[in-house]
Each structure stands twice: as structure tokens, then as C-alpha cells.
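Every number in this text was worked out from the coordinates using simple rules, so none of it is lab data. All of these numbers come straight from a predicted model, not from anything done at the bench. Here the Cβ positions follow ideal geometry from the backbone for every residue, glycine too, while neighbour counts run over all protein chains shown.
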Amino acid sequence: MALSLTTQAKNAALNSVVDLIDTGSGSGAVVKILTEFDSELATLPLSDPAFGSALDGVVSANSITADTSINAGTASKFKVYNKGGAEILSGTVTSASGGGDLLLTTTNLIVGDSVTVSSFSLTI
């Protein structure tokens, strides 16, 4: 039988994860956009706090600052780092219709463009 969490447990787990993102003594939490081969394309600062409170097993990111100093390439994944620089989570990147964990306006990035997050939420 598969493990099943109540909504209360899902929310508690998500709130704990997003609380980790807001910890550390550095300048701020960030999300790094990467190619499939881990080449960094962009670094986008997260808000403080980075996410709102979980509701019904879903937590959504607060505003994410766009990055205009990007490298060219195709975005396929991301990593989130807390204020102290520790990696907290990672996932897939797609354009708005692609069904990834983090949605960008476009995944084909060109030097000089601006990278903007369309949607970023975590679900259990």
C-alpha cells in the first residue's frame, strides 16, 4: 500500500521545506536556471519570504525577480538555494504549457534577454 498523507501533514511538510529556503546568513535565496548538463543560465533572487503558506498540499512562490544578465542555452532544470547557499530542492523547467515544476515564459534563452518565471509552486 502506498503512503498517504493528510492535507494537514502535506501542508506541514511543505511549510518546513519552504522555511529552509529562508534560512542562512547570506544575501538572499535564489533559484538557478540550468541546462540539462548543469550549465548555469540565470540566477533569479527569491522574495523574503520565498513562498507563502501551504494550502491544500500546495505552496506558491512569492514574487521572483527577473534576471537580465543571462547566458544562452535551453533551460531544462532548476535548483533552489537558501540564503546560506545550501541547495534545498531541484526540479524541471518548461515553458508555460510544458508541465514542468517551474514555468518560464520561454526556455530558449538568449544573451541579453530577461528571464521571467510564469509559475512556481510545490505540491505534495
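What to note about this one:
- Under Karplus coefficients 6.51, -1.76 and 1.60, residue-wise ³J(HN,Hα) of the stretch 88-101 in Hz, glycine/proline x: 10, 7, 8, x, 9, 10, 9, 6, 3, 9, x, x, x, 6
- Neighbour-count order for LEU102, LEU55, LEU3, LEU20, fewest beta carbons within 10 angstrom listed first: LEU3, LEU55, LEU20, LEU102
- Straight-line cross-link partners of LYS32 among the lysines, defined as a Cα under 17 Å from its Cα and at least 8 positions apart when in the same chain: LYS77, LYS79, LYS83.
- Dipole of the chain, positive direction: furthest Cα of LEU109, THR23, LEU46, with charges on the beta-carbon: THR23
- Once C-alpha pairs closer than 8 Å and six or more residues apart are averaged by separation and normalised to the residue number of the stretch 7-123, the relative contact order reads 27 percent.
- For LYS10, the aspartates and glutamates whose Cα falls under 13 Å of its own Cα, not counting residues fewer than eight places away in the same chain, are ASP56.
- Cβ-to-Cβ counts within 10 Å put THR107, THR94 in ascending order as THR94, THR107, the fewest first.
- The charge dipole of the stretch 7-123, taken about its Cα centre with unit charges on the Cβ of Lys, Arg, Asp and Glu (plus for the first two, minus for the last two), comes to roughly 80 debye.
- Folded to 0 to 90 degrees: helix 7-21 orientation relative to the chain principal axis, Cα: 40
- Helical content alone sets the calculated 222 nm signal of the chain at -4000 deg cm²/dmol, taking -39,500 (n - 2.57) per DSSP H segment of four or more residues and averaging over every residue.
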